[in-house]
1. Restricting to helices (runs of 4 or more DSSP H) lying wholly in region 266-355: which have 3 or more residues that are closer than 26 Å to residue 473 by Cβ?
2. Residue under question is residue 89, and the condition is that it be touching a helix residue (DSSP H, G or I) at 6+ places or on another chain (Cβ under 6 Å) and part of a helix (DSSP H, G or I); does it hold?
3. Looking at residue 358, is it surrounded by fewer than 21 Cβ atoms within 10 Å (Cβ to Cβ), closer than 26 Å to residue 459 by Cα and among the hydroxyl-bearing types (Ser, Thr, Tyr)?
4. Please verify whether residue 348 is at pLDDT 85 or above and on the phi > 0 side of the Ramachandran plot, treating the condition exactly as stated.
5. Hey, any hits in region 407-422 for a residue that's closer than 28 Å to residue 146 by Cα, open to solvent by 20 Å² or more (accessible area, probe 1.4 Å) and either touching a helix residue (DSSP H, G or I) at 6+ places or on another chain (Cβ under 8 Å) or touching a residue at least 24 places away in the same chain (Cβ under 8 Å) (or both)?
6. Any idea which of 352, 378 is of a type outside the set (Val, Ile, Thr) and closer than 20 Å to residue 192 by Cα?
7. Go through the residues of region 92-103 one by one and say whether even a single one is out of contact with any Phe, Trp or Tyr (no Cβ under 9 Å at 6 or more places or on another chain) and β-branched (Val, Ile, Thr).
8. Looking only at region 166-197, which residues are touching a helix residue (DSSP H, G or I) at 6+ places or on another chain (Cβ under 7 Å), open to solvent by 10 Å² or more (accessible area, probe 1.4 Å) and of a type in the set (Asp, Glu)?
Amino acid sequence: MLAEGGQGDAALARLTPDPEKEPQPVEGWSPLPLHRKVCYAIGGAPYQLTGNALGFFLQIFLLDVVQLEPFHASLILFLGRAWDAVTDPAVGFLVSRSPNRRYGKLIPWIVASTPLGVFFYFLLWFVPSDSLSVSLKFLWYLAMYCFFQTCMSCYHVPYSSLTMFLGGNQRERDSATAYRMSVEVLSTLVGSGIQGQIVGGHHASMRKSCEGENGTLGNGTALLADTLENTRKSYMVAAAVLGSLYCLSCLVLFFGVKEQPGPLSPLGKARLPFFRSLRIILGHRSYARLLCGFLCASLAFQLAQGIFAFFCTHAAGLPGSFQHLVLIMLVVACLSIPVWQWFLVRFGKKTAVFVGLSLITPALVVITLVTHNFLVFAFMVALAGCSLSVLYLLPWSMLPDAVDDFKLRHPTYLNLEPFFYSFYVFFNKFAGGLSLGVSTMSLHFAGYSAKDCTHNRPVILTLRILMAPVPIILLLTSMAVFCSYPINEERRKEIRVEMEASGRRVQPDIPESGAT
């Protein structure tokens, strides 16, 4: 623990370098070269390429294309994310225990998981024979979803931990994070755009075929067999394209980034037991508040994201336009990243959180009240995209501050960075799975059926409630949590000074047992 009171001030004074003296350069803390920031940023593309394609389209794929019942689809979505409750922390623990090899400690995990991740992602969008029973289809998609999420955990947990091992100081890491978020939002745009443009037209054709059969599917005559089959093939084509980009991004990361140990991040093997590490990390106040705040915010955004295609198709009267609205939202989100980066540097990260998260509230209200008006929807989703960029940028920009704060307060607990990032990744995935599970189960209880071309009032009301009131309540809860987040701009400056001072000290190796 850091010394408190006057002892803490004296210790900080001893650590702070004399401004009259020339500071000694610290290895790994030189300014990050541009090519390393760019290659690191490109490495984050697979998570967003696949994650947003799943977020926007997996629900409607399982219900309208595979034609599973809402109950089975909700089980797949929720159990798949529940599986992440095991894999993300487990992968974080295994990564923290991994030795530093020739190509690093983190990058070997990323490279090894990529081929399997691409393979299972493709199979997730493959539709088995219609002759299979409902139970076998359910088991197929549940297994493919869990396998893919496991591979993605093995990729994204070490990748997100890599932020702490790029070299450079706090400002350099924030800059690298801004590059990463710009590429990830662009990846979201590319992934959702490719998926939407390939499959969106086929969904519109399915809708027209359905309406041509007097509003009901009957025994399978409303959706023409060839239209349904073409829609299924289009999902496989989109999966193949995104899988190729997945592999390419991994190669760029492998050849462009080399792990750099820091003064309190030596890239060694963690020695603490799993549950003790878990208790220590979750007991850190700033990290726990950050998790809770962004869990609520992520749950709000992903709930609206998961229901958006359904809402446009069945409640807003825009069945052939949702993919264009998604593109508008993501383009605005991508363009807003540099603006929010400037804003957080100028006004602080907590202020950026409050301003950014509040922008989506009026957009959600208007979207639920207006129907059959593409221009109004376009303007509102653009406003939502501006808010969405905050959710992309701020969590990953604020997390290194919480990790640095922990390392300064617990200097003997080393090499726990993968644990911090694994739980952060898990809560984001958990929010996505919970939102999709809740929305799909709500549709089940409201009486939704893929065989119906027009839906009853309870289904439409459920879509409206899930689109605005519930996300708004979650966002207000998130902002209430952030009011008590302890790391403000003053504390960030203290952390920067103490970390730079720690890097300039000449000290013996600290044992990694965590004993005090």
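1. Working: elements: 274-282, 285-314, 322-347.
So the answer is 285-314, 322-347.
2. Details: touching a helix residue (DSSP H, G or I) at 6+ places or on another chain (Cβ under 6 Å): yes; part of a helix (DSSP H, G or I): yes.
Judged against the criteria, residue 89 is a match.
3. So residue 358 does not fit the description; no.
4. yes
5. Among the residues of region 407-422, not one is closer than 28 Å to residue 146 by Cα, open to solvent by 20 Å² or more (accessible area, probe 1.4 Å) and either touching a helix residue (DSSP H, G or I) at 6+ places or on another chain (Cβ under 8 Å) or touching a residue at least 24 places away in the same chain (Cβ under 8 Å) (or both), which makes the answer no.
6. After ruling out the rest, the residue left standing is 378.
7. No, every residue in region 92-103 fails to be out of contact with any Phe, Trp or Tyr (no Cβ under 9 Å at 6 or more places or on another chain) and β-branched (Val, Ile, Thr).
8. 174
The values are calculated or read from the model by the stated rules, or taken from the named source; none is laboratory data. Predicted model, so just to flag it, every value in this text is computed and none were measured. Because the Cβ atoms are built from the backbone with ideal geometry, glycine has one as well, and the counts that use them run over all protein chains shown. Keep in mind that these areas ignore ligands, DNA and RNA; they rest on the heavy atoms of the full protein, side chains included. Shrake-Rupley method; radii C 1.70, N 1.55, O 1.52, S 1.80 Å.
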